[in-house]
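Here's the structure, in structure tokens; my notes come after.
The values are calculated or read from the model by the stated rules, or taken from the named source; none is laboratory data. If you're wondering where the values come from, they're calculated on a predicted model, not measured in any experiment. Cβ: placed from backbone, ideal geometry, glycine included. Neighbour counts: every protein chain shown.
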Amino acid sequence: MSIFQRITTLTKAAIHEGLNKLEDPILLTGQYLRDLEDKITDAESKQREFKAAASVLERRIYEYQVLAERSEAEAVQAMSEGNEPAARAAVMAKLRYTESGQECTAGLQETQATLASLEVQLANVKEEHKRLKAKRAELAERARKAAEIKHSAQASASSTPGGYRGQVLNAGSASRGFERMEDKIAMQEALAEQSGLAAAAASNPESPLNSAVEAELERLRNRK
């Protein structure tokens, strides 16, 4: 292997090791949850804004309705008094109030529809947050057990010549991130189990693994 190939290999190994340390499943799932909580907070803020806007529109609709009815009464009174210009002005005012009320009604309907959609989405996101929070607790417990098994296996292997030392591999946003971290922990569990089996085999000369090794060594000795 050339010096440049060795440097490239060592650089890649260092990068992968650094990423493996940074890509801690529990830390990342915690960040996913915090990002989701920020989205929930923003959605709740918008929910309050839409509710306030709907309340203002409802009040304005009522006010325009009152003003339109008052203008109609004034028009009737002016007509009964023979004051046609005043009646005309009152009718025009009523039409303006009615039009403004209709605009507010359309705005209220749109606001209420948006608010209803937002509340459905918010409920779904909160339910997803609840599920992922429980999943994170499960992953944390699995990661803890895998780390204990691996630590125990490494401690056993370090006292036995030729002991196997496993290496945790890296797996490939909120729910997809959790799935990726779950795959990573599953790999840790598998490697931890392998470490335990290898350590047990190394410490037990009568194990099938050691028997196979001795048989292969004997075959090579005869061939020589």
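Overview of values
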read-out	value
Failed item in (1) closer than 30 Å to Gly177 by Cα; (2) not in a helix (DSSP H, G or I), with Gly82 passing the rest	(1)
Set Glu74, Glu119: member being closer than 30 Å to Glu37 by Cβ, of a type in the set (Asp, Glu), in a helix (DSSP H, G or I) and at pLDDT below 95	Glu119
Within region 24-40, tally of residues that are more than 16 Å from Glu127 (Cβ to Cβ) and either in contact with a Phe, Trp or Tyr (Cβ under 7 Å, 6 or more places away or on another chain) or in a helix (DSSP H, G or I) (or both)	10
